[in-house]
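**Student:** Handing you a structure now.
The values are calculated or read from the model by the stated rules, or taken from the named source; none is laboratory data. Since this is a predicted model, take the numbers as computed values, not measurements. Because the Cβ atoms are built from the backbone with ideal geometry, glycine has one as well, and the counts that use them run over all protein chains shown.
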Amino acid sequence: MLWLSHVKNQDQPQDVYQALALRETALRRLVAEAGESLDDILAPPKTDDATAAGFCPMCSYEYQDGVALCPDCGFPLEMFRERTPLAH
């Protein structure tokens, strides 16, 4: 998961990494028991703007190429994996 890979790449104490690994395992189990796919839950939202390059993971606003941070939230934008317009 995102937080686990981030911590793994940092010089964090082993106990922090182990705690996050346990949290991730529990989350994966909970999602599976609910009959959901973790990949679907964590997937970027579908966009209705074919020119949108990224989105804010906090507020879901979409932005064009060249924007790195959400002007409203200050969060780094995530890129759309695929640009699939919503069906109308």
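**Student:** Take the residues of region 66-75 that are more than 18 Å from Thr51 (Cα to Cα) and surrounded by 12 or more Cβ atoms within 10 Å (Cβ to Cβ): which is modelled with the highest pLDDT?
**Tutor:** Phe75
**Student:** Okay, next question. Quick check on region 35-47: of everything there that is free of Cβ contacts under 8 Å to residues at least 40 places away in the same chain and charged (D, E, K, R), which residue is surrounded by the most Cβ atoms within 10 Å (Cβ to Cβ)?
**Tutor:** In the first step, residues of region 35-47 are kept if they are free of Cβ contacts under 8 Å to residues at least 40 places away in the same chain; the result is 35-41, 43-45, 47.
Cutting the leftovers down to charged (D, E, K, R) gives us 36, 39-40.
Values: Glu36: 11, Asp39: 8, Asp40: 8.
Residue satisfying both the conditions and the ranking: Glu36.
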